[in-house]
Amino acid sequence: MPQNDTPASDDAVGVAVVNYKMPRLRTRAEVLANANKIRQMIEGLKLGLPGLDLVIFPAYSTHGLPQGDGHDDDAMLNTVGSIPGNETAVLARACRNAQVWGVFSLGCPAEHTLVLMDDQGDIVQAHRGTDCDMPSVCAGPKGMTVSLSDGHSASAAELIVGCPVESTALPAPQALALAHHSYVAVANAAGFDGVRCHFGRSAVIGFDGHTLGECGEEDYGIQFVQLSKRLIREARGQAVPPQGITSASCGPRSHPASRAPAEAPHHPRP
């Protein structure tokens, strides 16, 4: 039987990051319409990607980024919702219908709040939220531990999720992956929202710092990657330098000390 490097279904956690086009929203009705658009996108993704376990959307993708264009500086106050609220009800419905976990950004006047929902639509983790009793690391899809924070406590997580607004908002994802020896998934907005251009390039990084998959700058681009729980747990339990181990999509790599020295090239005489 041919060998297959793809993780087995019980070991693989299917993760998708989305280059969601940054919306420009000014009313509550527009926010709810956008939440339903996200719901439809998730349900469609699950049809096309049956192995999808977790989908990640960028910062401000639900409520839109405050524009501050001088014409209506208070417009963002008209779009602010509560947690839980009408928007979370729509997103929870998406998770239940598609049987996937989701990371969503919910707006507030000063900053966004990231929430992790399980496949039953329950909020199991929040970052920058008002509920300080929620854990910073929790069991996610198929038992893979997930953190919405890149702080010190994230070192216990097998997957760190980041949703920056600008490219400098987080350390380089590769550095973050190596520092915590974790998978890192970063979702970035894309497109022109009427005031700003957003760079896209949502990506998933392996625990060894290799990029497993990356979107371009296109609107609504999607990158899907299967992460192996077995490989990261084996790597964390072995005293092997990071450069000696690679993630699932790269295949195993021998330690440099075990490789035979390269032979000098032989050039026959003319």
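Listed values, structure above:
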item	result
Selection from His152, Ile222, Cys197 lying farthest towards where the dipole of region 150-232 points positive, charges on Cβ	His152
Heavy-atom accessible area order for Met41, Met144, largest first, 1.4 Å probe	Met41, Met144
Candidate lysines - alpha carbon under 25 Å from Lys21, same-chain residues fewer than 8 apart omitted	Lys37, Lys46
Contour excess over end-to-end distance, with Cα ends at Gln120 and Tyr220 and 0.36 nm allotted per residue	33.5 nm
Equivalent-ellipsoid semi-axes of region 144-218, from the Cα gyration tensor, Å, largest first	23, 13, 9
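The values are calculated or read from the model by the stated rules, or taken from the named source; none is laboratory data. Just so it is clear, the model here is predicted, and its values are computed rather than measured. With ideal geometry, Cβ positions are generated from the backbone for all residues, glycine too; neighbour counts draw on all protein chains shown. Ligands, DNA and RNA are excluded from the accessible area calculation, which covers all protein heavy atoms including side chains. Shrake-Rupley method; radii C 1.70, N 1.55, O 1.52, S 1.80 Å.
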